[in-house]
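Trainee: Take this structure, written in structure tokens, and hold onto it; I'll ask about it next.
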Amino acid sequence: MPETMKSYPEKRVSFTFYEADVKALRRLTLALRDHGLDVLRLDALRLLIYADSEAELFSHAALRLKQEAQLPGPKDATVVERASVTLPKALVDKLGRVADDLARKDLDAERTFIIRAALHARHDLKALARAHPKMELEFPDKRTLRKHRRG
């Protein structure tokens, strides 16, 4: 089995998105395509989780929590999409550690909030584009591998 097709533990996770989150994910996906990547929305989501460090994810979430706390009125929004994606267990664990670190600072945020916050943060698109091939080598999308084996 080639190095890029190694097996690794996976976990299916779901994220709840509001309208602004879906738009942010769409903008990120289009920006990555503009940088030459052939990615779908869930690929962009995987890349964001992979490329951002735990410290960056923590910072995005902490800043978003502060921003949302300053907004007047109710914080409820209508869920417009639930996205399910299969992630390497290492990336799911990464999100869990960030949530734990936030909780240690008395900041309440789960995986979905951490991802939503990252979607709204500014990103170095060139750095994300450079990280994509590394992610595909380390954690290839199993759907893509199956497609190439058949093709």
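The values are calculated or read from the model by the stated rules, or taken from the named source; none is laboratory data. These figures come from a predicted structure and were not determined experimentally. Because the Cβ atoms are built from the backbone with ideal geometry, glycine has one as well, and the counts that use them run over all protein chains shown.
The rows are residues; the columns are (1) within 16 Å of K94 (Cβ to Cβ); (2) in contact with a His (Cβ under 8 Å, 6 or more places away or on another chain).
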{"residue": "L25", "(1), (2)": "no, no"}
{"residue": "L32", "(1), (2)": "no, yes"}
{"residue": "L37", "(1), (2)": "no, yes"}
{"residue": "L47", "(1), (2)": "yes, yes"}
{"residue": "Y50", "(1), (2)": "yes, no"}
{"residue": "S53", "(1), (2)": "yes, no"}
{"residue": "L57", "(1), (2)": "yes, no"}
{"residue": "K66", "(1), (2)": "no, no"}
{"residue": "Q70", "(1), (2)": "no, no"}
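Trainee: If you don't mind, there's one more thing I want to ask. Of the residues L128, L107, L102, only one is surrounded by 11 or more Cβ atoms within 10 Å (Cβ to Cβ) and within 14 Å of Y50 (Cα to Cα); which? Before you say what the answer is, go through the steps one by one.
Mentor: Values: L107 fails: within 14 Å of Y50 (Cα to Cα); L102 fails: within 14 Å of Y50 (Cα to Cα).
Every option except L128 fails the conditions.
For every residue, the table says whether it meets (1) assigned to a loop (DSSP other than H, G, I, E, B); (2) crowded, with 17+ Cβ neighbours inside 10 Å; (3) without any contact (Cβ under 8 Å) to a residue 60 or more places away in the chain; (4) not aromatic (F, W, Y).
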site: D38; (1), (2), (3), (4): yes, no, yes, yes
site: D43; (1), (2), (3), (4): no, yes, no, yes
site: L71; (1), (2), (3), (4): yes, no, yes, yes
site: L87; (1), (2), (3), (4): no, yes, no, yes
site: L91; (1), (2), (3), (4): no, yes, yes, yes
site: I114; (1), (2), (3), (4): no, yes, yes, yes
site: R122; (1), (2), (3), (4): yes, no, yes, yes
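Trainee: Within the range 1-36, count every residue that is out of contact with any helix residue (DSSP H, G or I) (no Cβ under 7 Å at 6 or more places or on another chain), assigned to a loop (DSSP other than H, G, I, E, B) and modelled with pLDDT of 90 or more.
Mentor: Count: 0.
Trainee: Which residue is surrounded by the most Cβ atoms within 10 Å (Cβ to Cβ), if the candidates are limited to the range 46-56 and must be assigned to a helix (DSSP H, G or I) and either in contact with a strand residue (DSSP E or B) (Cβ under 6 Å, 6 or more places away or on another chain) or of a type in the set (D, E, K, R) (or both)? Working first, answer last.
Mentor: To start, the set of residues in the range 46-56 that are assigned to a helix (DSSP H, G or I) comprises 46-51, 54-56.
Pick out the ones that are also either in contact with a strand residue (DSSP E or B) (Cβ under 6 Å, 6 or more places away or on another chain) or of a type in the set (D, E, K, R) (or both) and you get 46, 54, 56.
On the way: R46: 22, E54: 13, E56: 15.
So, considering only residues that are assigned to a helix (DSSP H, G or I) and either in contact with a strand residue (DSSP E or B) (Cβ under 6 Å, 6 or more places away or on another chain) or of a type in the set (D, E, K, R) (or both), the one surrounded by the most Cβ atoms within 10 Å (Cβ to Cβ) is R46.
Trainee: Any chance the range 107-119 includes a residue that's out of contact with any Cys (no Cβ under 8 Å at 6 or more places or on another chain), within 22 Å of L65 (Cα to Cα), small (G, A, S) and modelled with pLDDT under 95?
Mentor: Filtering the range 107-119 down to residues out of contact with any Cys (no Cβ under 8 Å at 6 or more places or on another chain) leaves 107-119.
Subsequent filtering for residues that are within 22 Å of L65 (Cα to Cα) retains 107-119.
Narrowing the set further to residues that are small (G, A, S) leaves 109, 117-118.
Okay, now just the ones that are also modelled with pLDDT under 95, so 109.
Within the range 107-119, one or more residues are out of contact with any Cys (no Cβ under 8 Å at 6 or more places or on another chain), within 22 Å of L65 (Cα to Cα), small (G, A, S) and modelled with pLDDT under 95.
Trainee: Looking at the range 12-36, which of its residues are without any contact (Cβ under 8 Å) to a residue 12 or more places away in the chain and either of a type in the set (A, V, I, L, M) or touching a Ser or Thr at 6+ places or on another chain (Cβ under 8 Å) (or both)?
Mentor: L30
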